[in-house]
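The values are calculated or read from the model by the stated rules, or taken from the named source; none is laboratory data. Nothing here was measured: the structure is a model prediction, and the numbers come from that model. For the accessible areas, the whole protein counts, side chains as well, though only heavy atoms, and no ligand, DNA or RNA atoms are used. Shrake-Rupley method; radii C 1.70, N 1.55, O 1.52, S 1.80 Å.
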Amino acid sequence: MLIILLGPPGAGKGTQAERIVIKYQLAYISTGDILRGAVREQTNLGRKAKQYMDQGQLVPDELVVAIVKDRLADPDCAEGALLDGFPRTVVQADFLEKALPEIGIKIGKVLSIEVAEEELIERLTGRRVCSECGANFHLKFKPPKVRNVCDLCGGDLYQRDDDTLETVKERLEVYKKQTEPLIAFYEEKGILSPIDGNQDIEAVNDQINIILEKI
Ligand code: AP5
Ligand code: MG
Ligand code: ZN
């Protein structure tokens, strides 16, 4: 079964994903993490993707669809997976609709995490990420025990290139235009569950668990 995490930049998709994959033993697919890995390794894909990511734009559908297609074919996805940040356009959602029957898995739930815009800006500009294990922190809402050091693995924390105020504003606009229509898309299919993301991390996680335990 596939679980999809939908929501604007900074909604807490990655933060909740860390918990969901452990509790429900799901393979984790974050297109953002895969793309950042490709940028770091300076692969062909990384070079193409970087120009879009740095400007807060979406990477072209055909590149992202190819990544997800490959990843879903991995053995750890046979029972299902958690998708974070995919699909993000109607084209990507249509791809999934067509591909899933062939792979033999279904979408169990689309969790749509909703958060007020001012809060998103504060969350993104204060975010810090571990350069070793990818764990998320926040200067104010989830500070590491030691400044700039990951609690989990001791790695250095860094600020993402696209977490500057200017790029954050662009990413929020792109979300409204290109990704928000997916809320209605999945609502129509009867598999959308809205999550109130304006609460603390544990309270958001509790809401998600109530929904996932029912499916
Ligand atoms: P991606 O990496 O997916 O970024 P995003 O969608 O913009 O989302 P974020 O990762 O910024 O936010 P999040 O919801 O994971 O929040 P987090 O948990 O970190 O994509 C990056 C780029 O890659 C895109 O712009 C695009 O270019 C490209 N891309 C990726 N997928 C693509 C696709 N499918 N198609 C095309 N292009 C694609 O939380 C944020 C902060 O808030 C953290 O500091 C955290 O500690 C804190 N926080 C979390 N929850 C709470 C809470 N409840 N209360 C207080 N603080 C909280
Ligand atoms: Mg994320
Ligand atoms: Zn770490």
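Taking Lys140 as the anchor, which lysines have their alpha carbon closer than 30 Å to its alpha carbon, excluding any fewer than eight residues away along the same chain?
Straight-distance partners of Lys140: Lys13, Lys23, Lys50, Lys169, Lys176, Lys177.
Go ahead and set up a Gaussian network model of the chain, Cα springs under 10 Å, then flag whichever of Thr43, Thr167, Thr89 fluctuates most.
Thr43
What whole-number distance in Å separates the alpha-carbon centres of segment 1-42 and segment 135-201?
Comparing the Cα centres of segment 1-42 and segment 135-201, I get a distance of 10 Å.
What's the Kirkwood radius of segment 1-79 in Å, using all Cα pairs? Can you show the working numbers first?
Values: mean 1/r = 0.0728 Å⁻¹.
Mean inverse Cα-Cα distance, inverted, gives 13.7 Å.
Ignoring ligands and nucleic acids, what accessible area does Val21 show with a 1.4 Å probe (Å², nearest 10)?
30 Å²
Enumerate the calculated ³J(HN,Hα) couplings along segment 46-63 in order (Karplus 6.51 cos²θ - 1.76 cosθ + 1.60, θ = phi - 60°), each rounded to whole Hz, writing x wherever the residue is Gly or Pro.
Each residue of segment 46-63 in turn: x, 5, 5, 5, 4, 4, 6, 4, 4, 9, x, 8, 6, 6, x, 3, 4, 5 Hz.
Please check: in the Gaussian network model of the chain (C-alpha springs, under 10 Å), which one of Thr164, Thr179, Thr31 has the largest mean-square fluctuation.
Thr164
How compact and how long is segment 44-189, expressed as Rg and Dmax of its alpha-carbon atoms in Å?
So, for segment 44-189, Rg and Dmax equal 17.0, 48 Å respectively.
Mean-square fluctuation check for the chain, GNM, Cα pairs under 10 Å: which of Val146, Val90, Val115 is largest?
Most flexible of the set in this elastic network: Val146.
Give me the percent of accessible area attributable to carbon and sulfur for the chain, probe 1.4 angstrom.
On the way: 5670 of 11170 Å².
Of all accessible area on the chain, carbon and sulfur atoms account for 51 percent.
Kindly provide the helix-only [θ] at 222 nm of the chain, computed as the sum of -39,500 (n - 2.57) over DSSP H runs of four or more divided by all residues, to the nearest 500 deg cm²/dmol?
On the way: 9 runs with 98 residues, N = 215.
Rounded to the nearest 500, the figure is -14000 deg cm²/dmol.
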